[in-house]
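Derivation of every value follows stated rules applied to the coordinates shown; laboratory data play no part. In this text, all values refer to a predicted model and were calculated from it rather than measured experimentally. Counting neighbours? That spans all protein chains shown, and the Cβs are built from the backbone with ideal geometry, glycine included.
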Amino acid sequence: MIKLSKNLLLVVFAILLVIVSLLFYITREQPENNSETESKDIFFEITTVDSDVFVKGNKNDNFTKVSTTSKADSGSVLKTSISGGALVVSPPNDSLTVVGPDTEMTFALSDQSGSMLKLQSGKLWSRVEKSLEQGEFYEIETDEVLASVRGTSFGTERFGTTTLLSLTEGEIILFPKDSDGKILDNEKVILKALQKATLIVGEKVRIENINPKSAEGEWLIKNNPSFKAFEPENKTTPNQAIPTTNSTTSTPTQNPASPSPNNQGTITLKLIHINPAEVTLGDSKNILVYGEGLSQVNKLLVGFQEVEFFVLNTTSLYFKNSEILKDGVFDITAVSQGGTSSTLNNAITVNERAPEPDQGTTPETMRGSNSAPIQDPNGGNDPTVN
């Protein structure tokens, strides 16, 4: 009987050993599967605009300084110094977020459908393309609110336990939160263009019209230098910067190459670098240009071709790669309203798109179909065109 009991115990022990081994194998394999999924995530791209910018990965305890550019995945934390600033490109369609000074935020989510940023403190300005497809999303979250958008331009500021959102284009759906962080779906609010919302937990959402002279006006103006409300007497194009207001009225200079003496207080126009510096012809990708005094720019040239651009702030602007009409290596030149200019020589390489296999096209025929001669503003043809 004792022998039988011992045998039974051995059988039970063997069964338990098999079960434990299977559980260990499953739990050991699961992280590997997760890591494969994580490797397929679309990363956020970070570019330093003003020093200093720091990032901490979701598996790291310490922040590391971002000297120029870096990438971050879900769970990573970005922090700027009191004078720092960064530009974040978010998946899936390169939505842009300007990160202000003294700001801390978390890259909460990134996948094939969209991205979410969580703002702990500081300032963000977001520009979301209107071409977001059905099911795609871009969201900003704080402890007070979840802001969900499809296509718009808006700023988010958080100080203490208050969140402030300012909207210049489009619409945002705001979902307030309670003291436990639970989203209050039945209290959602739609914020419309030229409105701002103030959110404090336990209080009703306060909606007002944007006032450029209010405390948040400086951040709004910095990220919207062409916004007409800031200069009601002068009409401007969407990509034309508003000049700095001086007490002395300046007279337009007759020589465009010479800056007006009354503009001595403005920042000198200077291009520093671009990202990316190499693209493929026809890709719908944002090309970011960094420098100083960029809010003065009213013309941007790739080679001799003028392209449409959008000013983000005084240190950054962007244009679409799809604006470029031909492949090659090109200078990038920015021209200010006063006629001053700055050029980055051989700044961007545009590679020819490979022909589709079933079309029977050659690189030569593709080049011929896409690139008519580009005219020099002085009357000649681009010398790079054969």
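A few comments on the model shown:
- Extending 7 Å from the Cα toward the beta-carbon at both E187 and R206 defines two label points whose distance is 1.5 nm.
- Dipole of the range 44-220 [Lys/Arg +1, Asp/Glu -1 at C-beta], most positive-end residue of S74, A108, V55: V55
- Separation of the alpha carbons by more than 31 angstrom is noted, of K222/K320; K56/K326; K71/K213; K79/K177; K222/K285, for K56/K326; K71/K213.
- Eigen-decomposition of the gyration tensor built on the alpha-carbon atoms of the range 44-172 gives equivalent ellipsoid semi-axes of 22, 17, 13 angstrom, largest listed first.
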